[in-house]
1. Which net charge results when you count Lys and Arg as +1 and Asp and Glu as -1 among the other residues whose beta-carbon is under 14 Å from that of P96?
2. Taking 30 Å as R0, compute the FRET efficiency from the Cβ-Cβ separation of Q149 and A73 and round it to 0.05.
3. Please label the shape of the range 73-129 as rounded, prolate or oblate, based on the square roots a ≥ b ≥ c of the eigenvalues of the alpha-carbon gyration tensor (a/c under 1.5 means rounded; beyond that, a/b larger than b/c means prolate, else oblate).
4. Could you calculate the FRET efficiency of E194 with E128 from 1/(1 + (r/R0)^6), where r is the beta carbon distance between them and R0 is 30 Å, rounded to 0.05?
5. Sorted from fewest to most neighbouring beta carbons within 10 Å, what does the list L196, L107, L17 look like?
6. Which ordering of L68, L22, L173, L84 is given by a fewest-first count of other beta-carbon atoms within 10 Å?
7. Kindly put D81, D32, D98 in sequence by how many other C-beta atoms sit within 10 Å of each C-beta, fewest to most.
8. Rounded to the nearest 500, what is the 222 nm mean residue ellipticity of the chain from helices alone, with -39500 (n - 2.57) per DSSP H run of 4+ residues and division by all residues?
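Throughout, read-outs are computed from the coordinates displayed, never taken from laboratory work. Quantities reported herein were computed from a predicted structural model and do not represent experimental measurements. Note that we place each Cβ from the backbone using ideal geometry, even for glycine, and neighbour counts take in every protein chain shown.
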Amino acid sequence: MPRPAQTARSERTREALRRAALVRFLAQGVEDTSAEQIAADAGVSLRTFYRHFASKHDLLFADYDAGLHWFRAALSARSPDESLIDAVHSAIMARPYDDWAVTQTALLRAKEIEPGRIVRHMRQVEAELAEAIEEHLTKEDPPAPGTDQRMHITVTARCIAAAVFGAMEVWMLGGENGERSLPELARLCRAALESLRRGIGDGV
């Protein structure tokens, strides 16, 4: 189903701001880059910048937020006959990632942002990913609150989200081969989910 024009336009603006910020951050550092410079490079007003981002530092986490939007849409499009783990992996990799932007943003985060803030943000996004998986599992036949079935769905969603973010953490540290490429991220994500599948059974 086509997205509303306003949403598509908003996504294009956010992507232009993310890209402009990354180029500036790499060229002159985060602290020496202003929101005004980023807005000008993206071809928008400062007011538009602040409509999309609260601060320039938020742009270092914007790839996670954009990824969640893509993930929700891609997961809802997967066949109900597909295993949940396969559907989650396919949905994660469905976004048209920019390999250079993803890897450079990860390096900038590690260099410029206090580790505690990175962890807090990742935990928040992990919780939102689990929520999206839980919504996917309950959209056709939602179980009653407080039941064992509901508990099983919640635990399953949170375990899958934790596996994905565990893979991301290993990737940010350089992965098994010391690389931060998108194929390596895809491999780690698949390995983490397969490890989880073996642990919780093939019925998932």
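1. Net charge in that neighbourhood comes out at -1.
2. 0.70
3. Judged from the Cα gyration tensor, the range 73-129 comes out oblate (a/c at least 1.5, b/c at or above a/b).
4. Taking R0 as 30 Å, the efficiency between E194 and E128 is 0.80.
5. Least to most surrounded, the residues fall as L107, L196, L17.
6. With the fewest neighbours first, L68, L22, L173, L84 line up as L173, L68, L84, L22.
7. So the residues, fewest neighbours to most, are D81, D32, D98.
8. Here the helix-only value at 222 nm equals -23500 deg cm²/dmol.
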